[in-house]
Amino acid sequence: MPDYVLVASSQDLAGATMVDCLKERGFESRSPAYPNVKLHVTEASLLTLESLDAVYPDALIFVFLSKHRSDSGIPTLTCHCTGNFADAPFGGNPKEIATAYPSLQKAYLKAITKACVPNYEVVIEATHHGPTSLKKPVLFVELGSSEKQWVDRDAAGAMCSCVLEVLKNVEPCRKVGIAIGGTHYPTKFNKLLLESEFGLAAVASKHNLEAIDEQMMAQMIEKSIEKVTHVILDAKGLGSHKDRITKLAEKTGLEILKV
């Protein structure tokens, strides 16, 4: 039976808290209530797990249960796809985007937003860090932004419940875009996921615009298990790259949406 694989590291405090919550739901490596969901716990860093395909050849997707770290310390629940637009300081390969599952990210974001975890902000992040070379899609779901939140069992439990619930039935998106521009926490694209038919594959923030060329844009489009139909541009978040990125978007032949 193909598996959804939940991946956590014992070295990641938030991941370990989520593993405890899953074990309370009957998980060891599997739970009788979720026969197609496998739990994989490693001692290694999540950002470097590039060989999971060999361990789980029948996997459909890898959902990484991770901490989120931010200097702000604001309690935040995030999710994002992985990949590096240029260098690879935090795992993965340079200039490599991991495969995205837009509908799953959208479903999880909507579920965790609806869960209304008290005192937490909910937002997607732009595509960043590893792993990048897995053959199956990767989604990180993260609990942050400091140690206080990493051990918050209520928030971790809500996240686990949302992941397990959405894995039961992922409804395909009618429209799928790659998104370019804006900040690392792209509120415009977040709003689009919550309030429209769109799902998102790779998301490139303004900090990575210099690395976006024809080849990188093609990779962003190709690395999605759902067909990308649009290039979505944060019209005010492209800075000095606006004309160049707009021309690259036009060359793809896809419909362009400006937000």
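The values are calculated or read from the model by the stated rules, or taken from the named source; none is laboratory data. Not measured: the values here are computed from a predicted model. Counting neighbours? That spans all protein chains shown, and the Cβs are built from the backbone with ideal geometry, glycine included.
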Test for Lys23: is it assigned by TED's automatic domain parsing to the domain that holds Val122, among the basic types (Lys, Arg) and under 21 Å from Ser103 (Cα atoms) = no
Note on the stretch 242-259: residues surrounded by fewer than 13 Cβ atoms within 10 Å (Cβ to Cβ) and within 20 Å of Ser196 (Cβ to Cβ) are Glu255
Original post:
Does Glu214 fit the bill of being in contact with a Leu (Cβ under 7 Å, 6 or more places away or on another chain), surrounded by fewer than 22 Cβ atoms within 10 Å (Cβ to Cβ), modelled with pLDDT of 95 or more and farther than 18 Å from Leu77 by Cβ?
Top reply: yes
Reported set for the stretch 151-172 where residues are without any contact (Cβ under 8 Å) to a residue 12 or more places away in the chain and basic (Lys, Arg) is Lys168
*Condition test on Leu13, is it modelled with pLDDT of 95 or more, surrounded by 21 or more Cβ atoms within 10 Å (Cβ to Cβ) and of a type in the set (A, V, I, L, M)?*
no
With criteria (1) within 18 Å of the chain's Cα centre (by Cα); (2) exposed (fewer than 15 other Cβ atoms within 10 Å of the Cβ), Cys162 comes up short on (2)
Picked from the stretch 126-164 (must be basic (Lys, Arg) and out of contact with any Cys (no Cβ under 8 Å at 6 or more places or on another chain)), the residue farthest from Ser45 (Cα to Cα) is Lys148
Restricting the stretch 202-217 to residues that are polar (S, T, N, Q) and in contact with a Phe, Trp or Tyr (Cβ under 9 Å, 6 or more places away or on another chain), the one farthest from Gln105 (Cα to Cα) turns out to be Asn208
- Task: Would you check if there is a residue in the stretch 95-111 being surrounded by fewer than 22 Cβ atoms within 10 Å (Cβ to Cβ), under 28 Å from Ala44 (Cβ atoms), assigned by TED's automatic domain parsing to the domain that holds Lys38 and not small (Gly, Ala, Ser)?
- Result: yes
Being under 17 Å from the mean Cα position of the chain (by Cα) and farther than 26 Å from Gly199 by Cα narrows Thr82, Thr17, Thr42, Thr48 down to just Thr48
Within the stretch 83-117, the count of residues that are assigned to a helix (DSSP H, G or I), in contact (Cβ under 8 Å) with a residue 12 or more places away in the chain and charged (D, E, K, R) comes to 2
Here the residues within the stretch 20-37 that are in a helix (DSSP H, G or I) and basic (Lys, Arg) are Lys23
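Results for (1) in the same structural domain as Cys79 (by TED's automatic domain parsing); (2) surrounded by fewer than 18 Cβ atoms within 10 Å (Cβ to Cβ); (3) part of a helix (DSSP H, G or I), shown as yes or no for each residue.
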| position | (1), (2), (3) |
| --- | --- |
| Ala179 | no, no, no |
| Lys191 | no, yes, yes |
| Asn208 | no, no, yes |
| Ser240 | no, yes, yes |
Pairing a residue in the stretch 19-30 that is at pLDDT 85 or above with any residue that is β-branched (Val, Ile, Thr) and surrounded by 11 or more Cβ atoms within 10 Å (Cβ to Cβ), where Cβ atoms lie under 7 Å and the two sit 6 or more apart in sequence or on different chains, gives Val19/Val41
Exception for Ala88 within (1) aliphatic (A, V, I, L, M); (2) surrounded by fewer than 24 Cβ atoms within 10 Å (Cβ to Cβ); (3) closer than 22 Å to Cys160 by Cα falls at (3)
